[in-house]
1. Would you kindly state how much longer the chain becomes between residue 39 and residue 87 on full extension, computed as 0.36 nm times their sequence separation minus their alpha carbon distance, in nm to one decimal?
2. Restricting to Cα atoms and excluding each atom paired with itself, what does the Kirkwood estimate give for the stretch 1-44 in Å?
3. Where the centroid of each part is defined by its Cα atoms, how far is the stretch 93-116 from the stretch 171-246 in Å?
4. Hey, can you find the accessible area per residue of the stretch 170-233 for me, probe 1.4 Å, expressed in square angstrom?
5. In terms of modelled amide H atoms, which long-range or inter-chain residues lie less than 5 Å from the amide H of residue 196?
6. Which order do peptides 83-93, 5-15, 216-226 fall in by mean Cβ count within 10 Å, highest first?
7. Please compute the length gained on full extension between residue 174 and residue 105, using 0.36 nm multiplied by the number of residues separating them and subtracting their Cα-Cα distance.
8. Given N residues in the stretch 19-64, what is Rg(Cα) / (2.2 N^0.38 Å)?
Amino acid sequence: MTAFVAEIIGTFLLILLGGGVVANVVLEKTKSNDLGWMVITTAWGFAVFVGVSVAGPYSGAHLNPAVSIGLALAGRFEWSLVLSYIIAQFIGAMLGAFMVWVVYRDHFKATEDGSLKKAVFCTSPAIRNFSSNLISEIVGCFVLVFVVLYFTNANLNDVNNGSIPIGLGSLGAMPVAILVWVIGLSLGGTTGYAINPARDLGPRIIHAILPIKNKANSDWSYSWIPVVGPIIGAVLAGFLSLILSQ
């Protein structure tokens, strides 16, 4: 298990479970059809928990190009590793999206609305206004990266030895899961909170490739928003962290 492989597997699990809950809610004749936003945001949060739990010990579990860039800007990650991490994240995201289609293939066939099928793979705005949509993605990813930069390790205070770091095991993945959950609940209603270029663009490419009957256009005119917005948000978070650390 190398860092590259960990990023692939972690991102694969993230998209398999995150895209899977969208499929479960929006596609026809599923057990959870039409259960709504709370189910989607909750499962996405726990999908982050799963991906981070697996990849964390080996790669730090970025699972998101914007996180890799933001951490590098803040001096918390080596720039020489950023490209390989991003490649791994896109591979994992595309594999995860493909597997969601495999699992829900019958339900894709049972669903007539092409926009619902596309929603399983990638985001789209509730109100199409590129400037507002871009701001939404910038703010959402800014919150994600900025808060991640201020996560602290658990410590046990000892009167003789001072503060002693202690491991939380897989529970250490819970803070970022809660963070993504609250971003979805609070800021996700405008664009679907991609806040991750690999999470949106990778599956969008898979949507374009797969032989899905009566599928909608992959909406390439919008596709740059969930890529550029999160990167800008991550850059702003990284720079602000540097300024505040002086």
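1. Details: separation 48, 0.36 × 48 = 17.28 nm, distance 2.98 nm.
Gain on extension, residue 39 to residue 87, equals 14.3 nm.
2. Details: mean 1/r = 0.0885 Å⁻¹.
Result for the stretch 1-44, one decimal place: 11.3 Å.
3. 20
4. Values: 2500 Å² over 64 residues.
Value returned for the stretch 170-233: 39 Å² of accessible area per residue.
5. Here the answer is none, since no amide H 5 or more places off falls under 5 Å of that of residue 196.
6. Working: 83-93: 22.5, 5-15: 25.8, 216-226: 17.1.
So the order, starting with the most tightly packed, is 5-15, 83-93, 216-226.
7. On the way: separation 69, 0.36 × 69 = 24.84 nm, distance 3.13 nm.
21.7 nm is the gain from fully extending residue 174 to residue 105.
8. Cα-based Rg divided by the globular estimate yields 1.39.
The values are calculated or read from the model by the stated rules, or taken from the named source; none is laboratory data. In this text the structure is predicted, and so the values were computed from the model without any measurement. With ideal geometry, Cβ positions are generated from the backbone for all residues, glycine too; neighbour counts draw on all protein chains shown. Note: accessible area is taken over every heavy atom of the protein model, side chains too, but ligands, DNA and RNA are not part of it. Shrake-Rupley method; radii C 1.70, N 1.55, O 1.52, S 1.80 Å.
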